[in-house]
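See structure below.
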Amino acid sequence: MKLYIYDHCPFCVKARMGLALKKLPFELEILMEGDAETPTRMVGKKIAPILQKDDGSYMPESMDIVHYADQLKAPRLLDGSTDEAIEAWVKSVWRITIRLAVPRFVEGDFPELATTEAREAFRAREIRAFGDLDALIEQSPEWIADINHQLQALEALLAAHKGLNLADFSLFPVLRSLTIVEGVKFGPLAQAYAEHFSAKTGVALLDPA
Ligand SMILES: N[C@@H](CCC(=O)N[C@@H](CS)C(=O)NCC(=O)O)C(=O)O
């Protein structure tokens, strides 16, 4: 199987988690930002992640990929259960997480941005989605303070979180995205959690920028 991703993309992290935690053999292929043709040929639009299955067919949608991977071989990792408190936490921080991460992703050292054309295409699509990226940077201090406050509350949720469930596919991508934000401070449980999933999945944490 081949998984097409953008390295920065939190949805792609979910798919990478699904395949890696199942210990399935797969090739990781970077789609270049600015290359609309390749994903459009595969699934009809510019999107990542995309899984190319062993039969050659293509599957988009991160959680579809996770569930597909989970049924490929025993034992099942997921039984449909989740951790509602962690899901609610992720929901509450998603909006500012993405606004903190995006302007830093645009400047980041990611393989999908390795050409000037790719980086400018990515910048243009994020400006279309989020408006002025400098304004997001200017708002960062208040958002970082908010996130750090929320991260303190996450510690108790992680202390109560046992085993793997669907909430992990929401939480790890968000924490990994936050590792690019200088000044964001994980508590000890969040730090251990992020390092655990990074080691288990091969998804590297990011350098603060
Ligand atoms: N619902 C999709 C969302 C995937 C998604 O939004 N991916 C972004 C990258 S983070 C994307 O490909 N956006 C379209 C683009 O590049 O223009 C999933 O969970 O896989």
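Values quoted throughout were computed directly from the atomic coordinates according to the rules given, and no laboratory measurement underlies them. Keep in mind that what you see is a predicted model, and the values were worked out from it rather than measured. Here the Cβ is made from the backbone with ideal geometry for all residues, glycine too, and neighbour counts use every protein chain on show.
Figures for the structure shown
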| read-out | value |
| --- | --- |
| Convex hull per residue volume in Å³, alpha carbons only, for the chain | 113 |
| Neighbour-count ranking [beta-carbon atoms within 10 angstrom, fewest first] of 94, 143 | 94, 143 |
| Antiparallel bridge percentage (DSSP; both residues within the chain; nearest 5) | 60 |
| Whole-angstrom gap from the stretch 41-57 to the stretch 94-125, using each part's C-alpha centre | 22 |
| Sites residue 127 and residue 153, calculated FRET efficiency, Cβ-Cβ separation with R0 22 Å, nearest 0.05 | 0.10 |
| Beta bridge orientation in the stretch 2-70: antiparallel %, DSSP, nearest 5 | 60 |
| The chain - charge dipole about Cα centre, Lys and Arg +1 at Cβ, Asp and Glu -1, debye rounded to 20 | 560 |
| Cα-based convex hull volume of the stretch 45-160 per residue, rounded to whole Å³ | 158 |
| Stretchable slack from residue 117 to residue 160, in nm (0.36 nm times residue separation minus alpha-carbon distance) | 10.9 nm |
| R0 of 41 Å, Cβ-Cβ distance residue 74-residue 94: FRET efficiency to nearest 0.05 | 0.80 |
| Full-extension gain in nm, residue 192 to residue 85, via 0.36 nm per residue minus C-alpha separation | 36.6 nm |
| Within-12-Å neighbourhood charge of residue 160 [Cβ basis; K, R +1; D, E -1] | -2 |
| Furthest towards positive pole of dipole, 17, 50, 60, structure part the stretch 2-70, Cβ charges | 17 |
| The chain: calculated mean residue ellipticity at 222 nm from DSSP helix runs of at least 4, using -39500 (n - 2.57) | -19000 deg cm²/dmol |
| Gain on full stretching of the segment that runs from residue 139 to residue 43 - 0.36 nm per residue minus C-alpha separation | 30.9 nm |
| Likely footprinting exposure, 32, 63, fewest C-beta neighbours within 10 Å first | 63, 32 |
| Residue (of 1, 158, 85) at the positive-pole extreme of the chain, dipole from beta-carbon charges | 1 |
